[in-house]
1. Hey, which aspartates and glutamates would be in cross-link range of residue 187, C-alpha to C-alpha under 16 Å, not counting anything within fewer than 8 residues on its own chain?
2. How big is the Cα convex hull of the range 75-166 in projection, averaged over all directions, in nm²?
3. Which length gain, in nm to one decimal place, applies between residue 179 and residue 164 when the Cα-Cα distance is subtracted from 0.36 nm times their residue separation?
4. Would you kindly compute the Cα radius of gyration of the range 138-290 and its largest Cα-Cα separation (Dmax), both in Å?
5. Using only the alpha carbons of the range 99-217, determine the length spanned along each of the three principal axes and report them from longest to shortest in whole angstroms.
6. Would you mind computing, in nm to one decimal, how far apart the modelled labels at residue 190 and residue 85 are, each placed 7 Å from Cα along Cα→Cβ?
7. Quote to one decimal, in nm, the extra length available between residue 308 and residue 233 on full extension: 0.36 nm per residue of separation minus the C-alpha distance between them.
8. Find me the longest stretch of the chain that has none of the exposed GluC sites (Glu not before Pro), where exposed means in a DSSP loop (not H, G, I, E or B) with at most 12 other Cβ atoms within 10 Å.
Amino acid sequence: MTAPSLIDRLAAAVGPQGLLTDPRDTEPYIVDWRRIFRGATPAVVRPASTEQVAAVVKLCAETRTAIVPQGGNTGMCGAAVPRATGGEIVLSLARMNRILDVDALNNTLTAQAGCVLANIQQAARDAGRLFPLSLGAEGSCQIGGNLSTNAGGVNVLRYGNTRDLVLGLQVVLPDGRVWDGMRRLRKDNTGYDLKQLFIGAEGTLGVITAAVLKLFPLPRSVATAWAAAPGPDAALALLALMRERCGDKLTAFELISRNCLDLVLRHIPGTRDPLPAQHEWYVLADLGDAREDGLREELEQALADALQRGFVVDVALPESQSQAAALWRLRESIPEAARGEPGMLYRHDIAVAIGRVPDFIREARAALDARFPGVDVICFGHLGDGNLHYNAFVPGRNRDDASAREAGDVTQVVYDIVQRYQGSFSAEHGIGQSKLAEIARYKDAVELDAMRALKRTFDPHGIMNPGKVLPSTSQN
């Protein structure tokens, strides 16, 4: 009797609804949303429980078959799609999409890894609580992917990155064992904090299947402002003023260049310029508070002071939630709008110390202008935590041109400056397969050695998401 194939054994482990092998069905799982990375796979496995994930991983460990864990596949760096070699199984967590518990008294929410972020936010709101992680893809990204990439978003200023919002994890290890770390504790000093190893590891150390998440009081009032600033220095001064006046009520503080807004107005239907005159730089800020009254007045007083000091030159204050949402749509639509342009966009997700952001913007712009005349810099991001999306269109380069896509000259100009500023070349998007050359070039050798040692310890056979995060070794 012929031994059953791996595909047959996987089908037995997850059932007929849990396995896709037809190329027409697997197509959405092998291409990233930006359509830059395309891989191949013999099968997409869609388990419905942690037990099924463990069975799948155990089979792959036994046969030395590589696994690519995948959430909503909304990442920017190609971490969630297989390589073109065709031998990697895609492990989709999409069927594991249940919210298991909401504990308003303990301020926790327990969810499976395949839960869409927006559904988690809504479940928290239904309980009178806030889950503050918020980003443009929240309607389709899954919490497991957010955890695996340590997603940032617009509320990091007050609430921190994803790793700051997690109390416990459940993880299937590369040998198929299940680590149950689903603790709901704020204090636990019983050894190493293992969950932090898996958050931000992009599926290279194990498969996150569930998490205990922190909740916060739901703000009863929110006040939003769109302000025109003379430049990044003035925007930074406005940030300092609003922090002084408003404290931790300041939840978001975004910097947006004029050409970002032009992209949105050009490519996103139903959008409009919030101010009558055009300005080179804008700030979009949110305040949130448990009080129902007084927040709008507090924001207006801070902005009046900023106008008097010259930190801002014009302001739009929404009169309704729908108007505030329209302002945030302008900010959140920038990546989508950039896709509408015909040229090749070089994306840079960088971070520097907050006080050095204006200097970085000036130096990087001057360096790009000198090297690539006519370059169009698309600069926006989270000024409140020093994270900029500093992107560039270079004249004459088309996204359909492979040589333009693979060119590293623009990126090296930007990242060399980031390195001098002791910053990060990947603030919130991760490494995936798009930044392997950069991590090899810029990461400290001691750090890389320690990361490789962890990889060997957890995944000695190198089956977990190979070719991602770590530069090439025998395991990748």
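Readers should treat all values here as calculations from the given coordinates under stated rules, not as data from a laboratory. All values derive from a computational prediction rather than experimental measurement. When we count neighbours, we look across all protein chains shown, and the Cβ atoms used for this are built from the backbone with ideal geometry, even at glycine.
1. By straight Cα distance, residue 187 reaches 164.
2. Working: hull surface 26.0 nm².
For the range 75-166, the mean projected area of the Cα convex hull comes to 6.5 nm².
3. Here the segment from residue 179 to residue 164 would lengthen by 3.4 nm.
4. 19.8, 61
5. Principal extents (Cα only, largest first): 38, 29, 26 Å.
6. So the label points at residue 190 and residue 85 sit 3.9 nm apart.
7. Values: separation 75, 0.36 × 75 = 27.00 nm, distance 1.58 nm.
Length gained, residue 308 through residue 233: 25.4 nm.
8. 1-279
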